1. Take the conditions more than 17 Å from residue 378 (Cβ to Cβ), modelled with pLDDT under 65 and touching a helix residue (DSSP H, G or I) at 6+ places or on another chain (Cβ under 9 Å) and apply them to residue 220. Does it pass?
2. Only one of 191, 144, 154, 186 is at pLDDT 65 or above and surrounded by fewer than 20 Cβ atoms within 10 Å (Cβ to Cβ); which?
3. Report, by residue number, each residue of segment 257-270 that is at pLDDT below 90, out of contact with any helix residue (DSSP H, G or I) (no Cβ under 6 Å at 6 or more places or on another chain) and surrounded by 12 or more Cβ atoms within 10 Å (Cβ to Cβ).
4. Hey, residue 411 hits all of (1) modelled with pLDDT under 85; (2) not in a helix (DSSP H, G or I) but one; which does it fall short on?
5. Among the numbered criteria (1) at pLDDT below 95; (2) out of contact with any strand residue (DSSP E or B) (no Cβ under 7 Å at 6 or more places or on another chain), which one does residue 333 miss?
6. If we scan segment 81-90, do we find a residue that is within 19 Å of the chain's Cα centre (by Cα) and under 30 Å from residue 17 (Cβ atoms)?
7. Considering only residues that are in a loop (DSSP other than H, G, I, E, B) and touching a residue at least 24 places away in the same chain (Cβ under 8 Å), which ones fall in segment 11-62?
8. Tell me, which residue of segment 66-80 that is in contact (Cβ under 8 Å) with a residue 60 or more places away in the chain and surrounded by fewer than 23 Cβ atoms within 10 Å (Cβ to Cβ) is nearest to the chain's Cα centre (by Cα)?
């Protein structure tokens, strides 16, 4: 017993251990500051584009193709590995030997810069997935500055960075932890749980200190009192929202595979055509499909927005088209906005429950259907709307949505997309094995 206490005291006072702690804490604080700054820059870029589009109606038809072409070229030329959401890269990194191909300071800088410029170009993208990628890249790169133990090096830094990214981006600390456990890595050593929680606390508190303690989508006044009509609305929204979420994921997976040869051979032409499609959707939706969808979703959730039955359809295809361009940008915020629109439509078509209630249920069901991570979806929506009264309805709807989604898209979206980043290393390993034989 005395020997154990002596060993514990030596470890606690060790300069090496304190160096690791200070580097790790510093990285988490840095990530929180970057996430806060990224949020402000992204909002400014989104607002700037909308202001220009409102002033010059013709501008998106010129600006979007040119802007997306430039971003596609910059991604391929200067920041390979930075395209798309970033979450597939983080998942793939846990199984890769050469993680620097998808996790580095350079990629973090590219992700932040190009996602911001993507919003300035009007793309229907979010900053949350990119913040996860930035967080994992920053935390993994800390290995250069301190002798981290093996369990830190293999999983802890990557998962902690991703979790801290979610927490700082949404101001949802619990969601960050759940996301890391449910989506980023499904097998953790018990010791990494503390690493994840520490990163979330430091990054989350830093972002909160800079941005304030806010609810991402405001405060919903939805209430749940057990009744047959409310239960029926949960089932309805859960299944329909989940089916549409699964459809989005399947179309994105199939579309990504179909368009890859074309965008490899004719990157500028394909990107320009997608830009024109996005500009057309923006014109048809009165600019509602542009950007993150935050303002539209906020209006739907709080009941302050103007009802547009076509909005979720516009946002659905705008998000799909934006992702297929290959530029950096996430799908979290656009998916939440699409789901809120689906819930609002269902409330108008089937007035069996309050609109605010069905909006939240539809949002979580669609989001759970897209990412097929029901606990993460439920916790994110719960924390973003500051409505603890909706825990059970959101939980049930998320499970229904994820289950319905699997009927349309049998495999997890991020898992399938992660395979695209794993495949080159796996093929190289196979060739090396054949050469040795």
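The values are calculated or read from the model by the stated rules, or taken from the named source; none is laboratory data. Quick caveat: nothing in here was measured; it's all calculated off a predicted structure. Ideal geometry is used to build each Cβ from the backbone, glycine not excepted, and the neighbour counts take in all protein chains shown.
1. In short, no.
2. That would be 144, the only listed residue that is at pLDDT 65 or above and surrounded by fewer than 20 Cβ atoms within 10 Å (Cβ to Cβ).
3. 260
4. Single failed check for residue 411: (1).
5. (2)
6. Within segment 81-90, one or more residues are within 19 Å of the chain's Cα centre (by Cα) and under 30 Å from residue 17 (Cβ atoms).
7. 57
8. Among residues in segment 66-80 that are in contact (Cβ under 8 Å) with a residue 60 or more places away in the chain and surrounded by fewer than 23 Cβ atoms within 10 Å (Cβ to Cβ), the one nearest to the chain's Cα centre (by Cα) is 79.
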